[in-house]
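Reading through the structure tokens given below for one structure.
What follows draws every value from the coordinates through simple rules; no lab data is involved. Note that the structure is a prediction, hence the values are computed from the model and not measured. Counting neighbours? That spans all protein chains shown, and the Cβs are built from the backbone with ideal geometry, glycine included.
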Amino acid sequence: MKHPTKKHRIVVAMSGGVDSSVVAYLLKKQGHEVIGVSMRLWTYEKEAKHGCCTPEDLYDARRVADHLDIPYYVTDFEKTFEQDVVDRFVQSYIDGETPNPCVRCNQDIKFKILLQRAQELGAQYLATGHYARIVQNSYKQYELHQAVDQERDQSYFLFGLSQEEMSKVLFPLGELHKPQVRVLAEQAGLNIAQKPDSQEICFVPDDYSQFVEKRVQSKQIRQGKIKNTDGEVIGDHEGVHRYTVGQRKGLSLKTTLPMYVLSIEKNGDLTVGHKSDLRKKDFSVRDLRWTLDKPEPGKRLSAKIRSRFAPADIDIVDYQNDSDEEFVQARFVDPQESISPGQAAVFYEGSRVVGGGWIRSQA
């Protein structure tokens, strides 16, 4: 684990939750000059009422900073967040994909803009409450690894970290388990010690489809046919943004057995089938980012295609280019369900994150 051996000025990204609060406490206890910074990302009063970084969370973060006697600032990233995360989230659903805005937020906001803000404050490091580990190998290269607490591991969301970014980022909770973190919060006298973890996407209320529809023109909604695996039309739908690969509810089909969305076509049509039809091996991944070297074709790795899925063995098949964009073809050893275009695919070698990207297609 990477630990600063000297005393430094460190900015802690404070969300108002127990994890980032304990990070601030631990670093202050170690004698570092700690500065708390929270990000204002969205006008929550109008939209979402759950998730992270709400006004209530900012209030909790400020109270923790006061308790720890550290400076505290709120930075307004709302415009950038809307452009880089929210708008891309909406467009991805309109395109028939299944987006993951939390990965985008980490890549484009926290470890890009917030890291820059930390450096402007004269800090040598940015620390967050993520459950992951950064270590240096024998060649002094930085590696991103899964957390010790496998149930809390968040390395999936961090695959885009570059060597430069990893040299300036700290994850103090990477070797702790969540119950330990709550005990530390109690010992520190933090009144958020038992605060529940946020679970939802922070800017979306209760219905993703309604959120998307409010932010686009009706002509952008792609309606289409619902077809079975034989290509027969068995129904209609009112917009691809209402569906994702693996979805069963909301199809309103009169069939004997439950039907699942197998694929969403570019023309707006859905193909549905039985649950067994969801299991596939081959998929391709675009917008690739590798933490170290690009794996060669034939390399056996493991991959996660959803944050809560367990890693499964894959083989790197080959690399191809489409309009000067490189993508990798990969194949699961055992078929997997719900390989969804638009979701992040993250590649591992043991506990080490090799890299990742965004699922382009499945077959």
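Quick rundown of the values:
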quantity: Check: region 107-149 dipole with +1 on Lys, Arg Cβ and -1 on Asp, Glu Cβ, in debye; calculated: 80 debye
quantity: Partners for residue 110 among aspartates and glutamates (Cα-Cα distance below 13 Å; same-chain residues under 8 apart left out); calculated: 76, 78, 84, 165
quantity: Environment charge of residue 33, counting only residues whose C-beta is closer than 11 Å and scoring Lys/Arg +1, Asp/Glu -1; calculated: +3
quantity: Environment charge at residue 185 (Cβ cut-off 14 Å; Lys +1, Arg +1, Asp -1, Glu -1); calculated: +2
quantity: Binned Cα-Cα distance frequencies in the chain - 10 Å width, integer %; calculated: 5, 22, 30, 25, 13, 4, 0
quantity: Net charge of neighbours whose Cβ lies under 12 Å from the Cβ of residue 357, counting Lys and Arg as +1 and Asp and Glu as -1; calculated: +1
quantity: Cα point-scatterer Debye curve for region 9-187, base-10 log of I(q)/I(0) at q = 0.14, 0.17, 0.20 Å⁻¹; calculated: -0.78, -1.15, -1.54
quantity: Cα gyration tensor shape of region 213-363, rounded if a/c is under 1.5, else prolate or oblate by comparing a/b with b/c; calculated: prolate
quantity: Region 222-277 - Kirkwood radius from inverse mean 1/r over Cα pairs (Å); calculated: 10.9 Å
quantity: Phi-based couplings in Hz for region 215-223 (Karplus 6.51, -1.76, 1.60; Gly and Pro marked x); calculated: 9, 9, 7, 4, 5, 7, 6, 9, 7
quantity: Size of electric dipole in region 222-277: Cβ of Lys, Arg +1 and of Asp, Glu -1, about Cα centre, debye, nearest 20; calculated: 220 debye
quantity: Rounded to the nearest 20 debye, dipole of region 77-172 from Cβ charges on Lys, Arg, Asp, Glu; calculated: 340 debye
quantity: Average silhouette area of region 127-202, convex hull of alpha-carbon atoms, in square nanometres; calculated: 6.1 nm²
quantity: Debye intensity ratio I(q)/I(0), log10, region 196-254, q values 0.13, 0.17, 0.29 Å⁻¹ (C-alpha model); calculated: -0.46, -0.71, -1.31
